[in-house]
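Visitor: One structure coming up, written as C-alpha coordinates, with questions to follow.
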Amino acid sequence: MDLTLTAAELSFQKAVRDFLDAELKQEWRGVSDIDNRTQPEIMAQWQAALAAKGWLTAAWPAANGGLGWSPMQHHIFKEECSKARAPKISAMSIGMIGPLICAFGTPAQQEFYLPRIISGADIWCQGFSEPGSGSDLASLKTAARREGDSYIVSGQKIWTTYAHVASRMFCLVRTDPAAARPQAGISMLLIDMALPGITVRPIHTIDGEHHFNEVFFDAVRVPVRCLLGGEHQGWDVARALLAFERSGIADVVATRQLLNDVAQIAAAEPRGNGSLLDDDDFADRLTKLEIALDSLEIFEMRVMEAAERKAGKDYDASLLKILGSELKQKIHMLGIEALGPLASAWPDDDAPAHASGAGAKLVVDALFYRAGSIYGGANEIQRNIVAKSLLKATAGI
Ligand SMILES: Cc1cc2nc3c(=O)[nH]c(=O)nc-3n(C[C@H](O)[C@H](O)[C@H](O)COP(=O)(O)OP(=O)(O)OC[C@H]3O[C@@H](n4cnc5c(N)ncnc54)[C@H](O)[C@@H]3O)c2cc1C
(Lines give C-alpha, C1' and ligand atoms only; values in the text may rest on other atoms or scores of the structure.)
Protein backbone atom coordinates (compact mmCIF):
# COMPACT_ATOMS: atom_id res chain seq x y z
CA MET A 1 0.00 0.00 0.00
CA ASP A 2 1.47 3.35 -1.05
CA LEU A 3 1.29 5.87 1.81
CA THR A 4 3.08 8.66 -0.09
CA LEU A 5 0.87 11.74 0.02
CA THR A 6 -0.56 12.95 -3.31
CA ALA A 7 -0.45 16.64 -4.26
CA ALA A 8 -4.07 17.06 -3.09
CA GLU A 9 -3.28 15.37 0.23
CA LEU A 10 -0.21 17.56 0.74
CA SER A 11 -2.33 20.63 0.13
CA PHE A 12 -4.94 19.33 2.64
CA GLN A 13 -2.13 18.74 5.15
CA LYS A 14 -0.99 22.35 4.69
CA ALA A 15 -4.55 23.61 5.19
CA VAL A 16 -4.77 21.67 8.48
CA ARG A 17 -1.39 23.00 9.63
CA ASP A 18 -2.36 26.59 8.74
CA PHE A 19 -5.63 26.20 10.63
CA LEU A 20 -3.86 24.83 13.71
CA ASP A 21 -1.26 27.63 13.60
CA ALA A 22 -4.03 30.22 13.48
CA GLU A 23 -6.71 28.73 15.76
CA LEU A 24 -5.08 26.43 18.30
CA LYS A 25 -4.38 28.68 21.28
CA GLN A 26 -1.07 28.17 23.08
CA GLU A 27 -2.84 27.44 26.40
CA TRP A 28 -4.86 24.63 24.81
CA ARG A 29 -1.77 22.78 23.55
CA GLY A 30 -0.93 19.73 25.63
CA VAL A 31 -4.09 19.75 27.78
CA SER A 32 -4.95 16.23 26.56
CA ASP A 33 -1.38 14.93 26.93
CA ILE A 34 -2.58 12.81 29.82
CA ASP A 35 -5.43 10.65 28.64
CA ASN A 36 -8.86 11.70 29.93
CA ARG A 37 -7.69 14.78 31.82
CA THR A 38 -9.03 17.35 29.35
CA GLN A 39 -11.20 19.98 31.00
CA PRO A 40 -14.74 19.94 29.50
CA GLU A 41 -14.69 23.74 29.00
CA ILE A 42 -11.48 23.60 26.94
CA MET A 43 -12.86 20.67 24.98
CA ALA A 44 -16.00 22.74 24.21
CA GLN A 45 -13.95 25.78 23.11
CA TRP A 46 -11.75 23.67 20.81
CA GLN A 47 -14.85 21.95 19.40
CA ALA A 48 -16.37 25.38 18.70
CA ALA A 49 -13.26 26.39 16.73
CA LEU A 50 -13.44 23.15 14.70
CA ALA A 51 -17.20 23.55 14.19
CA ALA A 52 -16.73 27.09 12.86
CA LYS A 53 -14.37 25.63 10.25
CA GLY A 54 -16.85 22.81 9.53
CA TRP A 55 -14.33 20.13 10.54
CA LEU A 56 -15.87 18.95 13.82
CA THR A 57 -18.47 16.80 12.08
CA ALA A 58 -16.33 15.80 9.09
CA ALA A 59 -17.13 12.10 9.64
CA TRP A 60 -20.93 12.55 9.94
CA PRO A 61 -23.28 11.92 7.00
CA ALA A 62 -23.25 14.73 4.38
CA ALA A 63 -26.81 15.76 5.28
CA ASN A 64 -25.71 16.49 8.84
CA GLY A 65 -22.46 18.36 8.13
CA GLY A 66 -20.19 15.50 7.00
CA LEU A 67 -17.43 16.29 4.52
CA GLY A 68 -16.84 12.88 2.95
CA TRP A 69 -13.13 12.93 3.77
CA SER A 70 -11.07 9.98 2.54
CA PRO A 71 -9.43 7.69 5.12
CA MET A 72 -6.13 9.44 4.36
CA GLN A 73 -7.66 12.86 5.05
CA HIS A 74 -8.97 11.66 8.42
CA HIS A 75 -5.53 10.24 9.15
CA ILE A 76 -3.74 13.48 8.18
CA PHE A 77 -6.15 15.55 10.28
CA LYS A 78 -5.63 13.36 13.36
CA GLU A 79 -1.86 13.26 12.87
CA GLU A 80 -1.52 17.03 12.58
CA CYS A 81 -3.78 17.61 15.62
CA SER A 82 -1.72 15.12 17.60
CA LYS A 83 1.60 16.72 16.56
CA ALA A 84 0.26 20.13 17.59
CA ARG A 85 -0.94 18.56 20.90
CA ALA A 86 -4.49 19.80 20.28
CA PRO A 87 -7.16 19.00 22.90
CA LYS A 88 -9.21 15.86 22.40
CA ILE A 89 -12.73 16.17 21.11
CA SER A 90 -15.51 14.30 22.91
CA ALA A 91 -15.54 10.76 21.55
CA MET A 92 -18.90 9.97 23.15
CA SER A 93 -20.59 13.10 21.74
CA ILE A 94 -18.98 13.64 18.34
CA GLY A 95 -17.82 10.08 17.62
CA MET A 96 -20.71 8.04 19.04
CA ILE A 97 -24.09 9.58 19.86
CA GLY A 98 -23.90 12.29 17.16
CA PRO A 99 -23.66 9.80 14.27
CA LEU A 100 -26.25 7.54 15.98
CA ILE A 101 -28.78 10.39 16.15
CA CYS A 102 -28.00 11.21 12.49
CA ALA A 103 -28.77 7.58 11.59
CA PHE A 104 -31.70 6.76 13.91
CA GLY A 105 -33.06 10.07 15.26
CA THR A 106 -36.44 11.52 14.32
CA PRO A 107 -36.31 14.98 12.65
CA ALA A 108 -37.33 16.51 16.01
CA GLN A 109 -34.53 14.66 17.83
CA GLN A 110 -31.98 15.72 15.20
CA GLU A 111 -33.12 19.32 15.43
CA PHE A 112 -32.89 19.37 19.22
CA TYR A 113 -29.80 17.29 20.00
CA LEU A 114 -27.35 17.78 17.08
CA PRO A 115 -26.76 21.55 17.50
CA ARG A 116 -26.26 21.01 21.24
CA ILE A 117 -23.70 18.27 20.55
CA ILE A 118 -21.82 20.49 18.07
CA SER A 119 -21.79 23.55 20.35
CA GLY A 120 -20.66 21.47 23.33
CA ALA A 121 -23.80 22.56 25.24
CA ASP A 122 -24.33 18.87 26.01
CA ILE A 123 -21.65 16.43 27.10
CA TRP A 124 -22.75 12.82 26.75
CA CYS A 125 -21.91 9.63 28.58
CA GLN A 126 -22.52 6.02 27.58
CA GLY A 127 -24.73 3.94 29.90
CA PHE A 128 -24.27 0.37 28.68
CA SER A 129 -22.35 -1.67 31.33
CA GLU A 130 -23.94 -2.85 34.56
CA PRO A 131 -22.67 -4.91 37.48
CA GLY A 132 -22.76 -8.42 35.97
CA SER A 133 -23.41 -7.19 32.42
CA GLY A 134 -20.23 -6.08 30.67
CA SER A 135 -19.03 -8.59 28.10
CA ASP A 136 -22.45 -10.22 28.24
CA LEU A 137 -24.18 -6.89 27.62
CA ALA A 138 -27.44 -8.44 26.41
CA SER A 139 -28.09 -9.63 29.97
CA LEU A 140 -28.54 -6.02 31.20
CA LYS A 141 -31.29 -5.51 33.76
CA THR A 142 -31.95 -1.77 34.10
CA ALA A 143 -35.71 -1.72 33.54
CA ALA A 144 -37.80 0.84 31.64
CA ARG A 145 -41.53 0.31 32.17
CA ARG A 146 -43.91 2.24 29.91
CA GLU A 147 -46.41 4.43 31.79
CA GLY A 148 -48.36 6.85 29.55
CA ASP A 149 -45.95 9.20 27.80
CA SER A 150 -43.01 8.15 29.96
CA TYR A 151 -40.71 5.25 30.74
CA ILE A 152 -40.06 4.65 34.44
CA VAL A 153 -36.37 3.68 34.63
CA SER A 154 -34.94 1.76 37.60
CA GLY A 155 -31.58 0.03 37.93
CA GLN A 156 -27.85 0.63 37.91
CA LYS A 157 -25.06 1.38 35.41
CA ILE A 158 -21.34 1.12 36.18
CA TRP A 159 -17.98 2.27 34.78
CA THR A 160 -19.80 5.23 33.22
CA THR A 161 -17.04 7.52 31.95
CA TYR A 162 -17.76 11.25 32.42
CA ALA A 163 -21.18 10.66 34.09
CA HIS A 164 -20.08 13.23 36.70
CA VAL A 165 -19.73 15.96 34.06
CA ALA A 166 -22.21 14.75 31.44
CA SER A 167 -25.57 16.44 30.92
CA ARG A 168 -27.04 13.47 29.00
CA MET A 169 -26.62 9.71 28.76
CA PHE A 170 -27.35 7.34 25.87
CA CYS A 171 -28.55 4.39 27.85
CA LEU A 172 -29.52 0.80 27.10
CA VAL A 173 -32.57 -0.34 29.08
CA ARG A 174 -34.77 -3.43 29.16
CA THR A 175 -38.23 -2.57 27.84
CA ASP A 176 -39.46 -6.16 27.28
CA PRO A 177 -38.39 -8.59 30.03
CA ALA A 178 -40.41 -11.38 28.36
CA ALA A 179 -38.75 -11.20 24.91
CA ALA A 180 -37.70 -14.59 23.49
CA ARG A 181 -34.08 -13.45 22.98
CA PRO A 182 -32.49 -11.07 25.54
CA GLN A 183 -31.29 -8.80 22.69
CA ALA A 184 -34.87 -8.36 21.48
CA GLY A 185 -36.14 -6.66 24.66
CA ILE A 186 -33.68 -3.75 24.80
CA SER A 187 -34.21 -0.06 23.88
CA MET A 188 -31.99 3.01 23.80
CA LEU A 189 -33.04 6.08 25.76
CA LEU A 190 -31.52 9.56 25.63
CA ILE A 191 -31.63 10.52 29.30
CA ASP A 192 -31.28 14.01 30.79
CA MET A 193 -28.86 13.56 33.71
CA ALA A 194 -30.65 16.31 35.68
CA LEU A 195 -33.87 14.25 36.01
CA PRO A 196 -34.99 13.48 39.58
CA GLY A 197 -33.99 10.00 40.79
CA ILE A 198 -30.50 9.85 39.20
CA THR A 199 -27.51 9.48 41.55
CA VAL A 200 -23.89 9.51 40.33
CA ARG A 201 -21.18 8.03 42.58
CA PRO A 202 -17.46 8.29 41.71
CA ILE A 203 -15.08 5.35 41.20
CA HIS A 204 -11.41 6.35 41.44
CA THR A 205 -8.82 4.60 39.29
CA ILE A 206 -5.21 3.55 39.92
CA ASP A 207 -3.89 6.69 38.18
CA GLY A 208 -5.42 8.72 41.01
CA GLU A 209 -8.08 10.26 38.76
CA HIS A 210 -11.87 10.35 38.64
CA HIS A 211 -12.77 9.08 35.16
CA PHE A 212 -15.81 6.95 35.75
CA ASN A 213 -18.78 6.31 38.03
CA GLU A 214 -21.67 4.23 39.20
CA VAL A 215 -25.05 5.64 38.13
CA PHE A 216 -28.26 4.71 39.96
CA PHE A 217 -31.79 5.16 38.58
CA ASP A 218 -34.59 5.26 41.11
CA ALA A 219 -37.93 5.38 39.25
CA VAL A 220 -36.65 8.06 36.85
CA ARG A 221 -39.43 9.38 34.58
CA VAL A 222 -38.01 9.63 31.01
CA PRO A 223 -40.32 11.03 28.27
CA VAL A 224 -41.10 8.57 25.44
CA ARG A 225 -39.88 11.18 22.92
CA CYS A 226 -36.35 10.35 24.22
CA LEU A 227 -36.43 6.85 22.70
CA LEU A 228 -33.78 6.53 19.95
CA GLY A 229 -34.78 4.03 17.22
CA GLY A 230 -37.84 1.87 17.77
CA GLU A 231 -38.97 0.39 21.07
CA HIS A 232 -37.10 -2.93 21.65
CA GLN A 233 -34.69 -1.99 18.77
CA GLY A 234 -31.90 -0.75 21.05
CA TRP A 235 -29.59 -3.66 20.30
CA ASP A 236 -29.50 -2.77 16.58
CA VAL A 237 -28.90 0.89 17.44
CA ALA A 238 -26.01 -0.06 19.75
CA ARG A 239 -24.51 -2.42 17.15
CA ALA A 240 -24.44 0.41 14.61
CA LEU A 241 -21.85 2.08 16.83
CA LEU A 242 -19.36 -0.55 15.68
CA ALA A 243 -19.42 0.87 12.17
CA PHE A 244 -18.29 4.31 13.42
CA GLU A 245 -15.52 2.87 15.54
CA ARG A 246 -13.24 1.55 12.82
CA SER A 247 -11.42 4.78 12.12
CA GLY A 248 -8.94 5.53 14.88
CA ILE A 249 -9.76 2.49 17.00
CA ALA A 250 -6.10 1.35 16.88
CA ASP A 251 -5.03 4.78 18.17
CA VAL A 252 -2.00 4.80 15.82
CA VAL A 253 -1.45 8.54 15.89
CA ALA A 254 -1.40 8.81 19.70
CA THR A 255 0.75 5.66 19.93
CA ARG A 256 3.30 7.21 17.54
CA GLN A 257 3.50 10.20 19.88
CA LEU A 258 4.00 7.83 22.81
CA LEU A 259 6.80 5.98 20.98
CA ASN A 260 8.54 9.31 20.33
CA ASP A 261 8.20 10.17 24.02
CA VAL A 262 9.82 6.85 24.99
CA ALA A 263 12.73 7.54 22.58
CA GLN A 264 13.08 11.01 24.11
CA ILE A 265 13.15 9.58 27.65
CA ALA A 266 15.77 6.98 26.63
CA ALA A 267 17.90 9.67 24.95
CA ALA A 268 17.99 11.59 28.24
CA GLU A 269 18.94 8.52 30.33
CA PRO A 270 22.78 8.26 30.60
CA ARG A 271 24.44 4.89 29.80
CA GLY A 272 28.27 4.71 29.69
CA ASN A 273 29.47 7.45 27.36
CA GLY A 274 26.09 7.80 25.67
CA SER A 275 22.43 7.27 26.47
CA LEU A 276 20.04 4.35 26.85
CA LEU A 277 19.13 4.88 23.22
CA ASP A 278 22.65 3.65 22.29
CA ASP A 279 22.14 0.39 24.19
CA ASP A 280 21.82 -2.36 21.55
CA ASP A 281 19.22 -4.39 23.41
CA PHE A 282 17.02 -1.36 24.19
CA ALA A 283 17.36 0.04 20.65
CA ASP A 284 16.44 -3.38 19.23
CA ARG A 285 13.24 -3.57 21.32
CA LEU A 286 12.27 0.01 20.51
CA THR A 287 12.81 -0.62 16.79
CA LYS A 288 10.71 -3.80 16.85
CA LEU A 289 7.84 -1.85 18.45
CA GLU A 290 8.24 0.87 15.82
CA ILE A 291 8.03 -1.72 13.03
CA ALA A 292 4.90 -3.19 14.64
CA LEU A 293 3.38 0.30 14.74
CA ASP A 294 4.24 0.92 11.07
CA SER A 295 2.52 -2.37 10.14
CA LEU A 296 -0.50 -1.48 12.25
CA GLU A 297 -0.77 1.91 10.55
CA ILE A 298 -0.83 0.26 7.12
CA PHE A 299 -3.38 -2.30 8.33
CA GLU A 300 -5.59 0.49 9.70
CA MET A 301 -5.48 2.37 6.38
CA ARG A 302 -6.38 -0.87 4.56
CA VAL A 303 -9.34 -1.45 6.88
CA MET A 304 -10.63 2.10 6.38
CA GLU A 305 -10.18 1.85 2.63
CA ALA A 306 -12.00 -1.52 2.53
CA ALA A 307 -14.81 -0.11 4.70
CA GLU A 308 -15.25 2.72 2.23
CA ARG A 309 -15.67 0.15 -0.58
CA LYS A 310 -18.12 -1.76 1.68
CA ALA A 311 -15.67 -4.67 1.50
CA GLY A 312 -14.62 -4.71 5.16
CA LYS A 313 -14.58 -7.85 7.29
CA ASP A 314 -16.89 -8.02 10.32
CA TYR A 315 -13.90 -8.68 12.60
CA ASP A 316 -11.69 -5.80 11.34
CA ALA A 317 -12.58 -3.51 14.26
CA SER A 318 -11.80 -6.32 16.73
CA LEU A 319 -8.36 -6.94 15.20
CA LEU A 320 -7.54 -3.23 15.29
CA LYS A 321 -8.66 -3.03 18.91
CA ILE A 322 -6.52 -6.02 20.00
CA LEU A 323 -3.38 -5.04 18.08
CA GLY A 324 -3.61 -1.32 18.91
CA SER A 325 -4.27 -1.65 22.64
CA GLU A 326 -1.69 -4.37 23.25
CA LEU A 327 1.01 -2.56 21.28
CA LYS A 328 0.36 0.65 23.22
CA GLN A 329 0.64 -1.23 26.52
CA LYS A 330 3.98 -2.76 25.42
CA ILE A 331 5.34 0.70 24.54
CA HIS A 332 4.18 2.05 27.91
CA MET A 333 6.07 -0.77 29.66
CA LEU A 334 9.27 -0.07 27.71
CA GLY A 335 8.91 3.60 28.66
CA ILE A 336 8.57 2.70 32.33
CA GLU A 337 11.63 0.49 32.05
CA ALA A 338 13.56 3.39 30.50
CA LEU A 339 12.53 5.67 33.34
CA GLY A 340 13.68 3.17 35.98
CA PRO A 341 13.33 4.64 39.48
CA LEU A 342 12.10 7.92 37.97
CA ALA A 343 8.89 6.09 37.06
CA SER A 344 7.75 6.65 40.62
CA ALA A 345 7.49 10.42 39.97
CA TRP A 346 3.98 11.89 39.71
CA PRO A 347 3.20 14.83 37.34
CA ASP A 348 2.81 17.28 40.20
CA ASP A 349 5.94 16.12 42.06
CA ASP A 350 9.25 18.01 42.07
CA ALA A 351 10.76 15.43 39.77
CA PRO A 352 14.05 15.56 37.84
CA ALA A 353 13.75 17.33 34.51
CA HIS A 354 13.18 14.39 32.17
CA ALA A 355 10.86 12.65 34.60
CA SER A 356 8.59 15.62 35.16
CA GLY A 357 7.69 16.11 31.49
CA ALA A 358 7.09 13.20 29.13
CA GLY A 359 8.15 10.73 31.86
CA ALA A 360 5.56 11.52 34.50
CA LYS A 361 2.84 11.81 31.84
CA LEU A 362 3.85 8.38 30.59
CA VAL A 363 3.50 6.78 34.02
CA VAL A 364 0.02 8.18 34.65
CA ASP A 365 -1.05 7.28 31.13
CA ALA A 366 0.39 3.75 31.44
CA LEU A 367 -1.54 3.17 34.68
CA PHE A 368 -4.81 4.35 33.15
CA TYR A 369 -4.19 2.51 29.90
CA ARG A 370 -4.10 -0.89 31.62
CA ALA A 371 -7.84 -0.45 30.95
CA GLY A 372 -7.24 -0.09 27.19
CA SER A 373 -7.58 -3.85 26.72
CA ILE A 374 -10.86 -3.86 28.71
CA TYR A 375 -12.96 -0.86 27.70
CA GLY A 376 -14.76 -0.81 24.36
CA GLY A 377 -15.12 -4.61 24.67
CA ALA A 378 -12.45 -6.73 26.44
CA ASN A 379 -9.73 -8.17 24.20
CA GLU A 380 -10.68 -11.77 25.06
CA ILE A 381 -14.14 -11.05 23.64
CA GLN A 382 -12.58 -9.46 20.54
CA ARG A 383 -10.49 -12.63 20.06
CA ASN A 384 -13.67 -14.71 20.29
CA ILE A 385 -15.26 -12.53 17.57
CA VAL A 386 -12.25 -12.98 15.24
CA ALA A 387 -12.05 -16.73 15.90
CA LYS A 388 -15.78 -17.33 15.39
CA SER A 389 -15.82 -15.36 12.16
CA LEU A 390 -12.72 -17.07 10.72
CA LEU A 391 -13.89 -20.54 11.73
CA LYS A 392 -17.27 -19.87 10.13
CA ALA A 393 -15.63 -18.65 6.91
CA THR A 394 -12.98 -21.37 6.66
CA ALA A 395 -14.48 -24.45 8.32
CA GLY A 396 -18.19 -23.62 8.27
CA ILE A 397 -18.31 -24.00 12.06
C1 LIG B 1 -11.64 2.80 31.81
C2 LIG B 1 -12.98 2.21 31.49
C3 LIG B 1 -13.98 3.01 30.99
C4 LIG B 1 -15.23 2.49 30.71
N5 LIG B 1 -16.22 3.32 30.28
C6 LIG B 1 -17.46 2.82 30.07
C7 LIG B 1 -18.53 3.70 29.72
O8 LIG B 1 -18.36 4.91 29.57
N9 LIG B 1 -19.76 3.15 29.55
C10 LIG B 1 -20.01 1.81 29.69
O11 LIG B 1 -21.14 1.39 29.49
N12 LIG B 1 -19.01 0.95 30.04
C13 LIG B 1 -17.76 1.44 30.24
N14 LIG B 1 -16.74 0.60 30.61
C15 LIG B 1 -17.05 -0.83 30.86
C16 LIG B 1 -16.48 -1.78 29.84
O17 LIG B 1 -17.19 -1.72 28.64
C18 LIG B 1 -16.49 -3.18 30.49
O19 LIG B 1 -15.57 -3.14 31.56
C20 LIG B 1 -16.11 -4.27 29.52
O21 LIG B 1 -17.10 -4.45 28.54
C22 LIG B 1 -15.89 -5.61 30.26
O23 LIG B 1 -16.99 -5.92 31.04
P24 LIG B 1 -16.82 -6.27 32.60
O25 LIG B 1 -15.98 -5.21 33.23
O26 LIG B 1 -18.18 -6.49 33.16
O27 LIG B 1 -15.96 -7.58 32.65
P28 LIG B 1 -16.52 -9.08 32.45
O29 LIG B 1 -17.43 -9.14 31.29
O30 LIG B 1 -17.01 -9.58 33.76
O31 LIG B 1 -15.19 -9.83 32.07
C32 LIG B 1 -14.18 -10.16 33.05
C33 LIG B 1 -13.08 -10.91 32.32
O34 LIG B 1 -13.59 -12.13 31.80
C35 LIG B 1 -13.36 -12.20 30.39
N36 LIG B 1 -14.50 -12.82 29.72
C37 LIG B 1 -15.81 -12.54 29.92
N38 LIG B 1 -16.57 -13.31 29.08
C39 LIG B 1 -15.73 -14.06 28.35
C40 LIG B 1 -15.90 -15.02 27.31
N41 LIG B 1 -17.11 -15.34 26.85
N42 LIG B 1 -14.78 -15.59 26.77
C43 LIG B 1 -13.54 -15.26 27.22
N44 LIG B 1 -13.30 -14.35 28.21
C45 LIG B 1 -14.39 -13.76 28.75
C46 LIG B 1 -13.22 -10.75 29.94
O47 LIG B 1 -12.48 -10.62 28.78
C48 LIG B 1 -12.50 -10.14 31.12
O49 LIG B 1 -11.12 -10.37 31.04
C50 LIG B 1 -15.48 1.10 30.90
C51 LIG B 1 -14.46 0.28 31.39
C52 LIG B 1 -13.22 0.82 31.70
C53 LIG B 1 -12.17 -0.09 32.24
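Visitor: Does at least one position in the range 160-168 carry a residue that is in contact with a strand residue (DSSP E or B) (Cβ under 9 Å, 6 or more places away or on another chain), of a type in the set (F, W, Y) and within 12 Å of the ligand (Cβ to nearest atom)?
Guide: Within the range 160-168, one or more residues are in contact with a strand residue (DSSP E or B) (Cβ under 9 Å, 6 or more places away or on another chain), of a type in the set (F, W, Y) and within 12 Å of the ligand (Cβ to nearest atom).
Visitor: Looking at the range 107-136, which of its residues are without any contact (Cβ under 8 Å) to a residue 40 or more places away in the chain and of a type outside the set (G, A, S)?
Guide: The answer is P107, E111, F112, P115, R116, I117, E130, P131, D136.
Visitor: V237: open to solvent by less than 70 Å² (accessible area, probe 1.4 Å), under 30 Å from T175 (Cβ atoms) and not acidic (D, E), yes or no?
Guide: In short, yes.
Visitor: Just to be sure before I move on: is D176 open to solvent by 70 Å² or more (accessible area, probe 1.4 Å) and more than 11 Å from the ligand (Cβ to nearest atom) in the structure I sent?
Guide: no
Visitor: Within the set of pairs 6+ apart or on separate chains, which have a first residue in the range 71-88 that is closer than 13 Å to E300 by Cα, a second that is charged (D, E, K, R) and not in a loop (DSSP other than H, G, I, E, B), and C-beta atoms under 6 Å apart?
Guide: Filtered contacts from the range 71-88: P71/E305; M72/E9.
Visitor: Okay, next question. Kindly provide the set of residues from the range 251-287 that are of a type in the set (K, R) and modelled with pLDDT of 95 or more, ordered by number.
Guide: The one that is of a type in the set (K, R) and modelled with pLDDT of 95 or more: R285.
Visitor: Something else now. Consider the range 140-159. How many of its residues are within 10 Å of the ligand (Cβ to nearest atom) and of a type outside the set (A, V, I, L, M)?
Guide: Within the range 140-159, residues that are within 10 Å of the ligand (Cβ to nearest atom) and of a type outside the set (A, V, I, L, M) number 2.
Visitor: Quickly run through the range 210-229 and pick out the residues that are at pLDDT below 95 and open to solvent by 30 Å² or more (accessible area, probe 1.4 Å).
Guide: Selection gives H210, F212.
Visitor: I'd like the full set of residues that are near the ligand (Cβ under 8 Å from one of its atoms), polar (S, T, N, Q) and open to solvent by 70 Å² or more (accessible area, probe 1.4 Å), limited to the range 363-397.
Guide: N384
Visitor: Just to be sure I understand the filter: pairs with C-beta atoms under 9 Å, separated by 6 or more residues or on different chains, first member in the range 3-28 and surrounded by 11 or more Cβ atoms within 10 Å (Cβ to Cβ), second member among the hydroxyl-bearing types (S, T, Y). Which pairs pass?
Guide: E9/S70
Visitor: Here is a further query. Here are the criteria: (1) open to solvent by 10 Å² or more (accessible area, probe 1.4 Å); (2) away from the ligand (no atom under 12 Å from the Cβ). Tell me which single one F128 does not satisfy.
Guide: Condition (2) is where F128 drops out.
Visitor: Quick check: is even one residue across the range 45-58 within 24 Å of E231 (Cβ to Cβ), in a helix (DSSP H, G or I) and in contact with a Pro (Cβ under 7 Å, 6 or more places away or on another chain)?
Guide: No; the residues of the range 45-58 include none that is within 24 Å of E231 (Cβ to Cβ), in a helix (DSSP H, G or I) and in contact with a Pro (Cβ under 7 Å, 6 or more places away or on another chain).
Visitor: Do you know which residues across the range 324-343 are under 15 Å from N379 (Cβ atoms) and either touching a strand residue (DSSP E or B) at 6+ places or on another chain (Cβ under 6 Å) or surrounded by fewer than 21 Cβ atoms within 10 Å (Cβ to Cβ) (or both)?
Guide: Correct list: E326, Q329, K330.
Visitor: When both residues are 6+ apart or on different chains and their Cβ atoms are under 8 Å apart, which pairs have a first residue that lies in the range 366-391 and is within 14 Å of D316 (Cβ to Cβ), and a second that is within 10 Å of the ligand (Cβ to nearest atom) and not in a helix (DSSP H, G or I)?
Guide: Here the result reads G377/S135, each pair linking the range 366-391 to a residue that is within 10 Å of the ligand (Cβ to nearest atom) and not in a helix (DSSP H, G or I).
Visitor: Among all residue pairs at least 6 apart or on different chains, which show Cβ distances below 7 Å where the first residue, located in the range 200-229, is near the ligand (Cβ under 10 Å from one of its atoms) and the second is open to solvent by 60 Å² or more (accessible area, probe 1.4 Å) and assigned to a strand (DSSP E or B)?
Guide: N213/R201; N213/P202
Visitor: Name the pairs whose Cβ atoms lie under 6 Å apart, with the first residue in the range 142-161 and touching a residue at least 12 places away in the same chain (Cβ under 8 Å) and open to solvent by 50 Å² or more (accessible area, probe 1.4 Å), the second within 16 Å of the ligand (Cβ to nearest atom) and in a loop (DSSP other than H, G, I, E, B), and 6 or more positions between them or separate chains?
Guide: Final answer for the pair search is W159/S129.
Visitor: Here is a further query. Tell me yes or no: at least one residue of the range 89-101 is open to solvent by 40 Å² or more (accessible area, probe 1.4 Å), within 16 Å of the ligand (Cβ to nearest atom), at pLDDT 90 or above and closer than 30 Å to A184 by Cα.
Guide: Looking through the range 89-101, none of the residues is open to solvent by 40 Å² or more (accessible area, probe 1.4 Å), within 16 Å of the ligand (Cβ to nearest atom), at pLDDT 90 or above and closer than 30 Å to A184 by Cα.
Visitor: Further, regarding this structure: Could you please find all residues in the range 307-323 being among the acidic types (D, E) and open to solvent by less than 40 Å² (accessible area, probe 1.4 Å)?
Guide: Across the range 307-323, the qualifying residue is only D316.
Visitor: Another question, then. Let me spell it out: the conditions are (1) surrounded by fewer than 16 Cβ atoms within 10 Å (Cβ to Cβ); (2) within 16 Å of the ligand (Cβ to nearest atom), and P115 meets all of them except one. Which number is the exception?
Guide: (2)
The values are calculated or read from the model by the stated rules, or taken from the named source; none is laboratory data. None of these values were measured; they are calculated from a predicted model. Note that each Cβ is placed from the backbone with ideal geometry, even for glycine, and that neighbours are counted across all protein chains shown. SASA here: full protein model, heavy atoms, side chains in, ligands and nucleic acids out. Shrake-Rupley method; radii C 1.70, N 1.55, O 1.52, S 1.80 Å.
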